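**Student:** Just dropping this structure here.
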Amino acid sequence: MTDPLAIPLGPERCVWVFAIDLPEEKAEAFATGPLAGALGVDSLDPAQTEYVDADAFTEYGLSRYLTEGQGIAEASLAADTATLDALRGPLLLVFRPALTQGRLSPRSPLRLIGRYDEVPLPPRIGMAGYDAAADTIPVPVVKRPSDAAMSGRVAMVVLILLAIFVTLFVWGAG
């Protein structure tokens, strides 16, 4: 197995799960403060960390949250599923994009539970390019009648009105 504290190179995504060995009130303040020193790294993107209370996952399961909610591979969690689901108290999740250095060196009050890898994306070798023209929906074109057709309709209406007028005139004269 690879070193669980090594930060993998490349775009692969993984998550480190740390227990925070502090009372809940102090743990949240700790997790929202500067974490780089506690993790033993020079810099850290706090937007790529997550403070969670493991007690919130008693019915759902932390392992299920990591697979369904964070895209972590079930195979990566398989050995630790029972351990993850049994965890209680404050936890810190640190995602790969938060780090730039080669290795984590966590200090107290952080305690490493494990590192878990994301489901790998299928390779894009040989995939066809996107054809935007094939993704369009044809819109039917409504043709308006020609000027000659409109003139014919107007003439027909005038003849019908003239016939009605002549009929009323003849009836009124009789």
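**Student:** Go through region 59-110 and report how many residues are more than 20 Å from GLY33 (Cβ to Cβ), among the hydroxyl-bearing types (Ser, Thr, Tyr) and either open to solvent by less than 20 Å² (accessible area, probe 1.4 Å) or touching a residue at least 24 places away in the same chain (Cβ under 8 Å) (or both).
**Tutor:** Count: 3.
**Student:** Right, something else. Do you know which residues across region 4-21 are over 27 Å from the mean Cα position of the chain (by Cα) and open to solvent by 60 Å² or more (accessible area, probe 1.4 Å)?
**Tutor:** ASP21
**Student:** Let me ask you something else. Of the residues in region 70-89, how many are closer than 13 Å to ARG115 by Cα, among the acidic types (Asp, Glu) and in contact with a Ser or Thr (Cβ under 6 Å, 6 or more places away or on another chain)?
**Tutor:** Going through region 70-89 one residue at a time, the tally reaches 1.
**Student:** Across region 104-128, what is the number of residues that are at pLDDT below 85 and farther than 15 Å from GLY71 by Cβ?
**Tutor:** Final tally of qualifying residues: 6.
**Student:** Report, ordered by the first and then the second residue, all pairs with beta carbons closer than 6 Å, sequence separation of six or more or different chains, a first member in region 26-55 that is crowded, with 19+ Cβ neighbours inside 10 Å, and a second member that is of a type in the set (Phe, Trp, Tyr).
**Tutor:** ALA31/TYR51
**Student:** Further question: Among the residues of region 1-31, write down those that are modelled with pLDDT of 90 or more and in a loop (DSSP other than H, G, I, E, B).
**Tutor:** ASP21, LEU22, PRO23
The values are calculated or read from the model by the stated rules, or taken from the named source; none is laboratory data. Since this is a predicted model, take the numbers as computed values, not measurements. Positions of Cβ are generated from backbone atoms using ideal geometry, with glycine treated the same way; all protein chains shown enter the neighbour counts. All accessible areas refer to the heavy atoms of the entire protein, side chains included, with ligands and DNA or RNA removed. Shrake-Rupley method; radii C 1.70, N 1.55, O 1.52, S 1.80 Å.
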